[in-house]
Structure formats: structure tokens, C-alpha cells
Amino acid sequence: MASEKTLLIKNVGIFDGTSDALITGKDVVLKGNKIDSIIDAGSKEDAYDEVIDGGGGTLMPGLSDVHTHLALCQPPPVLLNLRRWDYIGAVMTNEAERYLMRGFTAVRDVGGPTLGLKQAIDDGFATGPRIFSSGMGLAQTAGHGDMRNPNAYSKYFVGEHFRLTDLGYFVLADGVAEVQKACREALASQVSQIKICTGGGVTSLTDPLYSVQYTPEEVAAAVNEATRYGTYVAAHVHTDEGINVALDSGVKTIEHGLLIQEDTVKKLVDKDAWIVPQSYIVSHEANDGNPTFADPIQMAKMLQARDGSTNCFKWSKQYGAKVAWGTDMFGTREAFDNTNLEFKTRAEYYSNVEQLKQVTSANGELLALSNLKHPYPGAKLGVIEPEAYADLLIVDGNPLDDIMLMLDYENNFKLIMKDGVAYKNTL
């Protein structure tokens, strides 16, 4: 077997994903698709197959967004009327490549038909980040994922279908037996984790934001199925009551959670669970004129979520909760273009190094919860250390000093590498 190509990255400061300051005076050696070693600077360059001069920039792990929806590449009302799988596939494939070009070498897609896209990327037929796909999310009838027109009849009585289930965004499952079956179907399709909706949503028009969805028995059934298969459950929920149902049932990641209360944050810490809140998408900047939330019902619910977001971030930081970095981007090309603005709005709550740890090593730790269903086993993500995957960025400047460098990815990200392959190199 031919030896793997070696590559030396020199003339960089190194943010390794876990340290509080840049590591200097060191070079990084890659071998194949992994990091081989971190060595003293100044080794003989002719010992390597390739050398990259970082120009004094910052070498850091590739970014990850652990709450996104690649297949929600148009606003839900548009998707409800689409009849073309091939259109959705083409658009989300394009969005995946653009995600990578924004510096994101891994994403966790929490609800949508992205398993085929993941396979196409992994097989080399498309370009994009590593995808940890939840496939179809689980929702109860009348819950967040039940986005039928209210005048539509039930499939149980007249065989009625609607686009978001037909297209694989959600499956409606009621009762323990149906939840078990839905989880097993999702696992059979090779999802990395199970997504379930245990509370109301902003985008959905008919369920109140404060509604509690799924009974404790139903949520526990989903957790049991995921746990027996070696993975975990992620729960969409904003409100405190729904969060408590999820935590008490063994859910490992709370998606959104913006209306969480102080005592529940303490419970989340005690249970060693994660919270994945968003700051940009509920900001004034994001929602002034946003067509995705144009309906007055959606905007009213968005304002409810926004009102709780400050306390969510404050208490999560105060009590040392495990906080991941995710954006919940979906709906339009313009929305996806704003992904990196999460750095700007989250800076209100976290220091530069805290954010950079979240978007690299902390997210890597969360992604590892997929355990037996981890789609990329055998190496770590989100860190620069020997044997970790060679998913890397070189940033022009030092984002530990200026987090706003992360916004202008087109000019400031000089190298974008995934799995040892450079997809952008303007050094």
C-alpha cells in the first residue's frame, strides 16, 4: 500500500480548540487525513511531500454548526407546495458546499432528508461538510412538525398526506408504540441521532410556543430506543416545562431552550446534558423583514423566544452548563449567508475564546455522543492534536483577539481543509 502524503503547515499561531491562548513556535504535520504531530518550528521542509506557509495567520480546527437544516432550503410554505425532490436536492447540495466555504467542516442536521446528501458528499460526488443527520424528526399530531393546513384531514381517516412528511422532514408518531416504530425506522435509515419535538415552535403556525408536546412515556420510549442503539435523543423545545419533560426522560441535548428557567439550568448541569441555544436568529437584526417569519403568529412567538434568550445564556454560563454552538439557519439563501453572524450576537454573552471553544472542541464533544452511530469514527473532531481529523482553517489574523474576523470568511479564511483535502487555499 502506498504511503500517505505528508504535509507541513508552518508560520502559524495555533489555536488547538481547547487552550486559552495561541500556541507559538510550533508547526503541524499532517499525514493523510489526520494530524500526525505538532513539532518545533524550523524542521527541514524537504522531509515532507507538501508545505503550506500560513503567512503568520491562525491555524485552528474547522468550525461546526450543530443545529442547522440544510434541507429546509426554502421557507416552509414553499416546501409545502413543492413537488420536485430533484429541486430540493439540487438547492441543498449547493447550500452544503457554501457551508463548507464559510469554514464549517461539520454540521449536525436536526431534521430533514439529508441522508442522501451526506452519502453523496462522503462518496465524493458532492462537496460539503461532514453531516451528522437526524433524518426525519419525530413530532406528535398537532405538534411542531405537524405543519398541515388546519383544514387538512387526518391520514388515519382519509389517507391525507402533506408535503413535510411526504418529503421526509417529519414523521407524525403518537403513543409509545408509534414512537418506538418511528425511532427504529429512523435508525434503519442510518441517522446519527434521533430528533424529537417536545414543545411548540416559532415557525409552525398552529401550535402555541408554550405547548408541551409528547408525554413523558413517549419521550422515554424514544430515549430508550436511541440508547439501546448506541446514540441519543435531541429535543426541540423552548419552554421550561417541555425541557423538564425531556431532561427527566433522558434527553441529552436541548435544542433552543431559550425560555429555560434558572433551576432547570441547574438540573441540566446535574444530568450532564447539553443546551444548544441560538442568538442571531432571534435577534432584531435577523428578523427585521425576515420573510421566513413574516406571519404575525410567527413573529409573536419569535418575540417570546427572544425575551427569554438573555437569561438562557446568562444562567447557562453562570452554572457552567455545556453550551454548544448552533445557528438554526434555514429558509433562504440569504438566511444561510448569515450563519457566521452568530459569532457577532453571541459575543454579547461569551468571550472570544469561549466562543471559539464552543464552535470547535465543545461541538466535537457533542457530536461524539452519536457513539455507535457516529458516521466518522476513529478520530476526534474540533481539536488540533495527534490523530485528530485534519479539518482545519487558517485565519488571517487572530480571532482570539478579534472574533469579528470570523464574519468575513471570504477574505479572512485563507485555508479551508476537510479530511486532509484543501477546498480553499489563497495563501
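Just so it is clear, none of the values below were taken in a lab; they were calculated from the coordinates. Nothing here was measured: the structure is a model prediction, and the numbers come from that model. Cβ sites come from the backbone with ideal geometry, for glycine too, and all protein chains shown count toward neighbours.
Some observations on this one:
- Antiparallel %, DSSP beta bridges [both residues in segment 63-350], to 5: 5
- Helix-only arithmetic for the chain: the sum of -39500 (n - 2.57) across DSSP H runs with n ≥ 4, divided by the residue total, places the mean residue ellipticity at 222 nm at -9000 deg cm²/dmol.
- Loop GluC sites (Glu not before Pro), segment 325-374, which have at most 12 other Cβ atoms in a 10 Å radius of their Cβ (DSSP): 348
- Counting only Cα atoms, segment 30-104 measures 60, 21, 20 Å along its principal axes, largest extent leading.
- Rg/Rh ratio calculated on Cα atoms of the chain (Kirkwood radius): 0.97
- Environment charge at residue 118 (Cβ cut-off 12 Å; Lys +1, Arg +1, Asp -1, Glu -1): -1
- Which listed pairs, of 34/271; 271/301; 118/317; 26/418; 314/414, have C-alpha distances above 31 Å, in listed order: 34/271; 118/317; 314/414
- FRET efficiency, 1/(1 + (r/R0)^6) with R0 35 Å, evaluated for residue 241 and residue 81 via beta carbons: 0.55
- Those trypsin sites (Lys or Arg not before Pro) in segment 57-129 that DSSP places in a loop and that have at most 16 other beta carbons within 10 Å: 83, 84
- Segment 185-208 and segment 294-310 have Cα centres spaced 20 Å apart.
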